[in-house]
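One structure is given here, and the rest of the page talks about it.
The values are calculated or read from the model by the stated rules, or taken from the named source; none is laboratory data. The structure displayed is predicted, hence computed values, not measured ones. Because the Cβ atoms are built from the backbone with ideal geometry, glycine has one as well, and the counts that use them run over all protein chains shown.
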């Protein structure tokens, strides 16, 4: 099989300017001042060659010594936390920015899709924007004309073709934009997190289209936080960790490694620190979250054969009406398995007086499947605001199978997101 | 289907150059469509639309006639003053709008630059095409004006495209230079209108080059638009107004100079546009 992309010792450095956090560009005068300072220094000490770097600058390696090869026809999912260098890698591959050092060899026509609707002009009509956007993505007029009807049908905007896109609903806008991109012809397709748009139905359609594309034998590079999408579409995975290649290989293995990373990054001390660093809320303060089983504190490893208690400690500073503390159980694909509110059994909205409280949720045994999960604890005032950050505090757990579910067949793979030990009644009817 | 070009290339620090001019040709379709976009968007949501292209130079001309002809009574070398002024307004408006559009074009297309690859040179050049269209519309106004005064050109008129080309490159060279600086230093956003305003007074738009004192003439010719404007006048008036070889040569020289530093500067900083914009 021939190689489509070969990345050799690829590195990309950015210089970060610390003082100018508000502006992303310098003014000329600052440059002039800095320049004259440097000049003055050179005049004073003409023989020292040390570059007098201003304190405000810092080097930042967005990518460091990346090496990998992608075969023709491979679908590669690129994963990593925010700031791991995923987008930078795509930008280098699509030639938007130049690497600082290293090489990338590319074989074939490459098309990249880093944003849905790049270059859409609000004043132009849908029809005009199809041609504009197509040209920007590298399609020729002929090619666009040929696919025009297909694009329009995919986007479901037939009626509004001659309306300026500024009058479109955001859904229509996104659909049209994706439709153009989806009909791009190229040997290699580079896609940044673009599926995170539109309603669920459209997302499914996009995923379906992507699946089609990959069946045509094209090479696809795909960045996403949606692990299940990556699992579905990709046969290879690239894991980036702070600009360094963490792993490259089989998708399943790479995803597993990525998930292990997120476990390693958190122990209980870290958890407490995270809670303490929440931005201050005028009425509410979360103080601690503790997991325990059978009266013992647990970290990370949880058994599904015993109830799991989630204890949330908090302070109410002023009277709050409609305070809701809730716990989300997420599976490893970030799908919420269930959400539970601390006041879900109350018939009326409760008002909480100032003081310290402890809310304890008991998750019965025989529910969780023996996979990786995340517990997210958040709180808010109903209909008004979150009183913790919107993402809440996230605790990764690894569930061990100790419940009775499917006990007799330990080797059998557990199917489904939950391993519910439900009641069955078996009755012998006839001999 | 599209012609699938099988080509193998390498991305490497400092090696982007090799395919540059080739790429520029491959992306010509993007150039057309960006130019078309700028043109079709320009007068959207305006009531009188393209009429603005006529109205702006017309009103400026009327003011110039009032100030320089009726009040200051400056000489116009035997050409009806409105034609004398309008023949200069045309290249000047063309230059000033091309120059400022090109200079601001990169910032205006920041989202494209940070998300898609293409030779960046396309953007400023495409933005100048809009001014060419405006120029063509205003040129019709000049024809009307000349018919009104019953003033007919002679063979010199055929040289007009050459002077237009000279004006185009003057705007391109300086525009590229400022545009590439503008990406990093937004100060130039404020410099551009200033340059355009000063330029109008130091170029022979409202008056004739002949009233500039002899000893300053050479210095005066350093402004490349002097040659362009005088050339326009010369071509339209059929040689009635003065155009000497010195100013023409200096103008061409300055335009070449501007183009070289503009393109060199642009090409040098182009690779970092996506990082700093």
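Some observations on this one:
- Residue check, residue B:135 more than 14 Å from chain A (Cβ to nearest Cβ), touching a helix residue (DSSP H, G or I) at 6+ places or on another chain (Cβ under 8 Å), at pLDDT 90 or above and surrounded by fewer than 18 Cβ atoms within 10 Å (Cβ to Cβ): no
This table checks each residue for (1) within 13 Å of chain B (Cβ to nearest Cβ); (2) more than 26 Å from residue B:126 (Cβ to Cβ); (3) in contact with a helix residue (DSSP H, G or I) (Cβ under 8 Å, 6 or more places away or on another chain).
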residue: A:109; (1), (2), (3): yes, no, no
residue: A:122; (1), (2), (3): yes, no, yes
residue: A:154; (1), (2), (3): no, yes, yes
residue: A:166; (1), (2), (3): yes, no, no
residue: A:174; (1), (2), (3): no, yes, yes
residue: A:183; (1), (2), (3): yes, no, yes
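- Spans of helices (runs of 4 or more DSSP H) in the stretch B:193-277 with at least 1 residues free of Cβ contacts under 8 Å to residues at least 24 places away in the same chain: B:217-220, B:245-270, B:273-276
- Residue within the stretch B:166-181 that is buried (at least 17 other Cβ atoms within 10 Å of the Cβ), within 11 Å of chain A (Cβ to nearest Cβ), assigned to a helix (DSSP H, G or I) and touching a helix residue (DSSP H, G or I) at 6+ places or on another chain (Cβ under 9 Å) present: yes
- Answer from B:59, B:74, B:106 - the residue that is assigned to a loop (DSSP other than H, G, I, E, B) and at negative phi: B:74
- Taken together, B:96, B:40 contain a single residue that is under 30 Å from residue A:127 (Cβ atoms) and at pLDDT 85 or above, which is B:40.
- Filtered by the rule that a residue be modelled with pLDDT of 75 or more, closer than 18 Å to residue A:133 by Cβ and buried (at least 19 other Cβ atoms within 10 Å of the Cβ), the stretch A:186-209 gives A:186, A:189, A:190, A:191, A:192, A:206.
- Hey, residue A:300 touching a helix residue (DSSP H, G or I) at 6+ places or on another chain (Cβ under 8 Å) and assigned by TED's automatic domain parsing to the domain that holds residue A:154 or not: no
- Residues being more than 7 Å from every other protein chain (Cβ to nearest Cβ) and surrounded by fewer than 19 Cβ atoms within 10 Å (Cβ to Cβ) - total across the stretch A:92-106: 0
- Restricting the stretch A:336-350 to residues that are more than 25 Å from the chain's Cα centre (by Cα) and without any contact (Cβ under 8 Å) to a residue 12 or more places away in the chain, the residue that is farthest from residue A:418 (Cα to Cα): A:348
Here's the yes/no breakdown for (1) closer than 20 Å to residue B:165 by Cβ; (2) modelled with pLDDT under 85:
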residue	(1), (2)
B:180	no, no
B:199	yes, no
B:207	no, yes
B:213	no, no
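- Taken together, A:178, A:160, A:148 contain a single residue that is more than 9 Å from chain B (Cβ to nearest Cβ) and closer than 21 Å to residue A:221 by Cα, which is A:178.
- Residue in the stretch B:78-100 that is on the phi > 0 side of the Ramachandran plot and either touching a strand residue (DSSP E or B) at 6+ places or on another chain (Cβ under 6 Å) or touching a residue at least 24 places away in the same chain (Cβ under 8 Å) (or both) present: yes
- Hits in the stretch B:15-30 (condition: within 12 Å of another protein chain (Cβ to nearest Cβ), at pLDDT 80 or above and more than 18 Å from residue B:269 (Cβ to Cβ)): B:26, B:27, B:28, B:29, B:30
- Applying the set (1) buried (at least 17 other Cβ atoms within 10 Å of the Cβ); (2) assigned by TED's automatic domain parsing to the domain that holds residue A:174 to residue A:284 leaves exactly one unmet item: (2).
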